[in-house]
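Everything on this sheet refers to the single structure shown next.
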Ligand SMILES: C[S@@+](CC[C@H](N)C(=O)[O-])C[C@H]1O[C@@H](n2cnc3c(N)ncnc32)[C@H](O)[C@@H]1O
């Protein structure tokens, strides 16, 4: 895959605002699979510093609701305003478990590198996402996962990097499938091809978390971890 669009963005700005594997590269692969149109209402769930919200507003002219828990709405608003995007992106500080929106409000719910924090159970999609989407609304998510379920037999060399919390969130595509299939038509779940580039971009930053992650990715050496993409249309 050629990450053309991503090349247009200021590298320093992206590096300063990344919170994990390069979310713009991941989003580019994800949005290649869904029909986004100008004017659509999009929830960017767990938007972090808002890189993905910026990409969505700039590239597609959609109206983005940029919701995050750890990053304040004020911080995100100042980034959006600096880029002249304050009329297209609404920053919101909220928890995914109690979102302040009307039912059937969104054409699209997108979540990059965040869904595994709250969606790793049998109820979240049904209770929190399904009500927010219009009929035929689109869901698209990408999050870190595993090539297969290693949980009962964690490789020795990975034990020090994957704590219990990480293992509760990182799963295989087949583990995730039933979480979506009763609610989504045209369900696609795949191992994203952007894995290496998205991780390389993150590991090359001097963020202290990236420094730790370098050791983990080196130990993994392409054997266990992946990035899982999910798209589907509400039933
Ligand atoms: C690894 S960061 C990724 C941020 C951004 N999507 C990106 O890719 O750069 C995970 C994000 O998930 C958000 N998050 C985790 N739990 C959440 C919750 N319960 N409600 C809303 N956001 C949550 C955090 O606030 C954090 O910004």
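Return a yes/no flag: does the range 11-19 have any residue that is away from the ligand (no atom under 16 Å from the Cβ) and in contact with a helix residue (DSSP H, G or I) (Cβ under 6 Å, 6 or more places away or on another chain). No, because not a single residue in the range 11-19 is away from the ligand (no atom under 16 Å from the Cβ) and in contact with a helix residue (DSSP H, G or I) (Cβ under 6 Å, 6 or more places away or on another chain).
Within the range 150-173, the residues that satisfy the criterion of being out of contact with any strand residue (DSSP E or B) (no Cβ under 7 Å at 6 or more places or on another chain), in contact (Cβ under 8 Å) with a residue 24 or more places away in the chain and farther than 14 Å from residue 219 by Cβ are 168, 169. Specify the residue that is surrounded by the fewest Cβ atoms within 10 Å (Cβ to Cβ); the eligible residues are those in the range 64-98 that are free of Cβ contacts under 8 Å to residues at least 40 places away in the same chain and within 14 Å of residue 128 (Cβ to Cβ). This residue is 98.
Being surrounded by fewer than 18 Cβ atoms within 10 Å (Cβ to Cβ), away from the ligand (no atom under 13 Å from the Cβ), under 20 Å from the mean Cα position of the chain (by Cα) and over 30 Å from residue 212 (Cα atoms) is a property that holds for residue 61. State whether one or more residues within the range 104-111 are within 12 Å of the ligand (Cβ to nearest atom) and closer than 24 Å to residue 25 by Cβ. Within the range 104-111, one or more residues are within 12 Å of the ligand (Cβ to nearest atom) and closer than 24 Å to residue 25 by Cβ. The condition of being more than 25 Å from residue 191 (Cα to Cα) and within 16 Å of the ligand (Cβ to nearest atom) does not hold for residue 124. With respect to (1) within 11 Å of the ligand (Cβ to nearest atom); (2) part of a helix (DSSP H, G or I), the lone exception for residue 47 is condition (2). Within the span defined as the range 78-91, one or more residues are in contact with a helix residue (DSSP H, G or I) (Cβ under 9 Å, 6 or more places away or on another chain), in a helix (DSSP H, G or I) and more than 8 Å from the ligand (Cβ to nearest atom).
Bear in mind that the values in this text are calculations on the coordinates, not laboratory data. This one's a predicted model, so the numbers in the text were calculated from it and none came from an experiment. Methodologically, a virtual Cβ is constructed for each residue, glycine included, from the backbone with ideal geometry; neighbour enumeration extends over all protein chains shown.
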